[in-house]
Each structure stands twice: as C-alpha cells, then as structure tokens.
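Below is one structure, written out as structure tokens, with a few remarks after it.
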Amino acid sequence: SAVISQKPSRDICQRGTSLTIQCQVDSQVTMMFWYRQQPGQSLTLIATANQGSEATYESGFVIDKFPISRPNLTFSTLTVSNMSPEDSSIYLCSVEGRGGLAGELFFGEGSRLTVL
Amino acid sequence: AQSVTQPDIHITVSEGASLELRCNYSYGATPYLFWYVQSPGQGLQLLLKYFSGDTLVQGIKGFEAEFKRSQSSFNLRKPSVHWSDAAEYFCAVGSGNTGKLIFGQGTTLQVKP
C-alpha cells in the first residue's frame, strides 16, 4: 500500500484566484494521478503526472487551467487556476500499487475546495 | 464507450440486513473491477478488486463481489450490514496498467438502527 498526504485538506477561495494542492507519497512511484470529485458526483481523472515529463491531460482538462508539477518521484502539485464556483470540488491525488497491486489505486484524503 | 453504471443512487437498509449494491460496466478490453468506499470526510478505500480467476472475490470488512461477464456486472454484497457501513460506494473499471479508472456515480448507503 501507499500512504498519501495532501495539503490543504480544505480551503475556501475567492473567484479569480489560484490555489496549489500538494501531494506527498511515502514511496517512490512512477505515475501520480489527479482526480476531481464535483459535489454529489463521481470521480473524474484530470491528468496523469510522470516525473520528468509533462502531465497528460484527459479530455476536458487543460494545462492552463490545471497546471501540474512533478519534481520528483514522491511529490506532485496541482494548481487550480483562475477559480470559479464551478471548480468547487474535492481534488484527490492517487498512485498505483506495485506488483500484484498494479492497476489498483490508492487515494489521498482529498482537498476540498470551495470557491465563492 | 467505456462506462460504469450504478443504478441505485441511494439505498437504505436496516442494521443486520443483507446488502447488494449493483454495478454494470461497459468496457472494450478485459476489465479490472474495483469497489471503493468513501466515508464522510474521508478518502477512498479499496474494498475489493477483480483481475482474473475466481469470479467471487472477498474483500475487507466482510464484503464480497461477484463478477458476471455475461451480465457485465460486478455487484457488491454483504450478508449483514453494520451501522459503520454507512458511506458512499463506488464501482470502478480499468485496464490494469494505466492507473486510469472509470468510476460509477456512486451509491449512498444509509443504515437504519
């Protein structure tokens, strides 16, 4: 398993501002994944972050809105830029298990953002 | 299109009663199937997973699920529900090698005393 820590756990933000979410993993991992969970909705993958290369974004998500950094094998950040109330969501960082756990995702507790 | 459907948005059961949460999927390749639970204010915890082999899989907290390829289903069951099982349950499908999971809309379980 993997232990994933996210900061902040929650925040209230003003429209038009940006916020950076940090994700720290207790072991080195090749890929890290950022998911969004809008209120009352399911989880949707935003992007996959590989160390040393640009993140790969899913359809409907763009780098200008959700820039991602991946400076090393245990850390990543997701920035939510120029926020609007529609960005109010829980943002979750996740990593894949290894070996027999491949394909299985471990999740952080999420960062709950409220945009006013 | 790849998708996961959880037909029941909200289910209420009495404590001690049996539980079945439904999940249907549409996936072009061999599916890797998962059930996650999200308790209020918590992250997602994996209950169980199916990759191959025995189609009845056992998970944590007394949960089990059965993969039925002919019905494209992966229903979650528990013989006797506890009050602490009240949570949001998500079914998910993936390919097993990309880390990208497609989640269902979730089923909220309420447990009556």
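The values are calculated or read from the model by the stated rules, or taken from the named source; none is laboratory data. Small disclaimer: the values here were computed from a predicted structure and weren't measured. Because the Cβ atoms are built from the backbone with ideal geometry, glycine has one as well, and the counts that use them run over all protein chains shown.
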**OP:** Please go through region A:61-97 and pick out each residue that is among the hydroxyl-bearing types (S, T, Y) and under 15 Å from A:L43 (Cα atoms).
**Re:** A:S88, A:S89, A:Y91, A:S94
Original post:
Out of A:T79, A:T114, A:T56, which single residue is within 13 Å of the chain's Cα centre (by Cα), closer than 24 Å to B:G41 by Cα and of a type outside the set (D, E, K, R)?
Top reply: A:T79
Subject >> Cβ pairs under 7 Å, 6+ apart, first in region B:4-23 and closer than 15 Å to B:E66 by Cα and of a type in the set (S, T, N, Q), second modelled with pLDDT under 95 and not in a loop (DSSP other than H, G, I, E, B) >> reply: none
Original post:
What are the residues in region B:88-113 that are in a strand (DSSP E or B) and more than 14 Å from chain A (Cβ to nearest Cβ), if any?
Top reply: B:L109, B:Q110, B:V111, B:K112
**OP:** Within region B:1-12, work out how many residues are touching a Lys or Arg at 6+ places or on another chain (Cβ under 7 Å), part of a strand (DSSP E or B) and either modelled with pLDDT under 95 or surrounded by 13 or more Cβ atoms within 10 Å (Cβ to Cβ) (or both).
**Re:** 0
Original post:
in contact with a strand residue (DSSP E or B) (Cβ under 9 Å, 6 or more places away or on another chain), charged (D, E, K, R) and within 13 Å of chain B (Cβ to nearest Cβ): does that describe A:E86?
Top reply: no
Subject >> region B:15-64 - residue that is crowded, with 16+ Cβ neighbours inside 10 Å and part of a loop (DSSP other than H, G, I, E, B) and, of those, nearest to the other protein chains (Cβ to nearest Cβ) >> reply: B:G43
Subject >> Top-ranked residue in region A:15-48 [being over 14 Å from the mean Cα position of the chain (by Cα), modelled with pLDDT of 90 or more and over 15 Å from A:G97 (Cβ atoms); ranked as farthest from the other protein chains (Cβ to nearest Cβ)] >> reply: A:G16
